[in-house]
Amino acid sequence: MSQSKSEVWVTGIGLVSSLGEGLEPHWAKLASGSTPVPSVDSQCQAPYPVHPMVNIDLEKQIPKRSDQRQMGLWQQLGTYTAGLALDDAGIAHNADLLAATNMIVAAGGGERDLEVDTAIMESLLTSANPGPELNAALMSDLRPTLFLAQLSNLMAGNISIVHGVTDSSRTFMGEEMAGVMAVETAVAQIQHGQGELFLVGGAYIAERADMTLLMAMGKALHAGEHVPVWSREQGDGGMIMGSASAFLVLESREHALARGVKPYARIDAVVSDRCNRQPGAARENADGLLDRVAEQLPPGSLPVLSGCCGILPQLTEEREFLQNLSGRGIDPAIRGVTTVIGNSLEAQFPVNIALASMSIANGAFFVPFDDSGVEAAYTGAPDHILISNWGHWRGESLALLGKPDVALRGRD
């Protein structure tokens with residue numbers, strides 16, 4: 001006889017994006033009753049607009065200046081946001097709980113020292129002996145400590161050092177799907193009794209010139225003025241990147257009740273797969289994922305958060321997939337999160353989980369993020385929210401969040 005699965009609760013949220021720090025500013029801007037106005041910087045990475053990093057007071061979560069100095073912006077943002085989540089869950093500074101907290105971080109390829117990289121490349125352009133000069137630079141300018149700062153698992157290491165999270169630690173790489181797999185793994189382990197308490201999340205800095213270069217070379221970015229994601233179908237498509245970080249404290253129902261904390265939301269399912277992205281393949285893949293959660297989907301009006309990347313033809317395929325939920329008796333109220341926050345790669349899925357959890361706890365859904373006609377109004381308190389998150393290159397995923405049968409956190 002199969003055992004019933006443990007419920008997975010979201011009991012702590014750390015969230016930072018171009019809209020602000022914490023849940024309050026996000027709720028105020030996304031549920032105000034009028035179309036949200038995104039924060040956009042069109043100059044720092046021109047001609048590619050980005051949703052910029054907000055100012056944060058690092059000393060609130062990373063008090064030692066020595067710790068701050070040895071991290072790049074990406075590590076600082078992730079370590080800071082992880083601290084927000086631990087505070088929010090009532091775990092911070094509790095040695096026993098921190099020692100029992102498992103950590104899964106979704107990370108990119110580390111950080112580069114752009115000043116060193118630029119100086120080397122500029123020097124090589126005019127050098128009469130580029131080979132020997134490059135070898136000398138590699139030995140003198142690229143120090144071992146610099147190399148260590150580029151390692152992907154250093155964010156998890158710094159979270160452990162700064163915040164004292166000392167149980168198991170894993171780092172997943174792989175752009176948007178790294179964030180999906182981080183949450184999916186934690187949820188599965190809690191559901192099957194292989195863990196009770198997890199810290200999960202990621203971070204992304206949109207103002208990194210090296211990442212802008214990589215994305216631009218792949219023709220993945222939208223150039224020019226900011227355009228809502230669904231409206232990019234009428235042009236050449238493309239992503240608008242956003243600096244953001246989200247960390248979640250995920251906990252079994254039993255563990256949360258035992259320590260007397262209220263949840264924001266319940267994660268009922270996370271499913272993912274990937275395909276070769278031949279025309280129609282991603283849509284077919286997403287339909288298969290939907291079959292896996294079909295029995296849990298409520299009929300009627302259903303809020304949907306989409307991490308749609310904006311790249312064609314994936315954008316069109318995901319929009320058609322979501323709109324065709326009507327064929328399964330579902331009336332989707334879609335919100336394209338990347339319109340207001342941008343694409344944050346590894347952090348995208350945790351950000352969507354954070355926003356959905358906040359919405360369920362506050363008993364309302366967000367206003368439409370644009371006037372494209374794709375996003376319909378939704379009234380009432382959502383009992384469930386569906387999340388659709390497709391990677392810009394590979395990977396499709398769905399998550400279903402629900403309202404627990406206990407008192408929720410909410411804003412107050």
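The values are calculated or read from the model by the stated rules, or taken from the named source; none is laboratory data. Bear in mind that the values here come from a model prediction, so they are computed numbers and not experimental data. Virtual Cβ from ideal backbone geometry, glycine too; neighbours counted across all protein chains shown. Heads up: the accessible areas ignore ligands, DNA and RNA and are worked out on the full protein's heavy atoms, side chains in. Shrake-Rupley method; radii C 1.70, N 1.55, O 1.52, S 1.80 Å.
Scan segment 1-50 for residues that are in a strand (DSSP E or B) and more than 20 Å from Thr79 (Cα to Cα) and report the count.
Final tally of qualifying residues: 4.
Identify, by number, the condition in (1) part of a helix (DSSP H, G or I); (2) without any contact (Cβ under 8 Å) to a residue 60 or more places away in the chain; (3) open to solvent by less than 10 Å² (accessible area, probe 1.4 Å) that Ala294 doesn't meet.
(3)
Which one of these is at pLDDT below 95, closer than 30 Å to Met215 by Cα and open to solvent by 10 Å² or more (accessible area, probe 1.4 Å): Arg274, Arg328?
Step by step, each of Arg274, Arg328 is checked, and only Arg274 is at pLDDT below 95, closer than 30 Å to Met215 by Cα and open to solvent by 10 Å² or more (accessible area, probe 1.4 Å).
Going residue by residue through segment 86-101, is there one that turns out to be under 19 Å from the mean Cα position of the chain (by Cα) and closer than 30 Å to Leu214 by Cβ?
no
So Leu302 fits all but one of (1) at pLDDT 95 or above; (2) in a helix (DSSP H, G or I); (3) open to solvent by less than 50 Å² (accessible area, probe 1.4 Å); what number is the exception?
Here Leu302 clears every test but (2).
Taking the condition of being open to solvent by less than 40 Å² (accessible area, probe 1.4 Å) and either farther than 27 Å from Gly202 by Cβ or free of Cβ contacts under 8 Å to residues at least 12 places away in the same chain (or both), how many residues in segment 84-130 meet it?
Of the residues in segment 84-130, 2 are open to solvent by less than 40 Å² (accessible area, probe 1.4 Å) and either farther than 27 Å from Gly202 by Cβ or free of Cβ contacts under 8 Å to residues at least 12 places away in the same chain (or both).
Just to be sure I understand, how many residues within segment 216-232 are of a type in the set (A, V, I, L, M, F, W, C), part of a helix (DSSP H, G or I) and touching a residue at least 40 places away in the same chain (Cβ under 8 Å)?
Count: 3.
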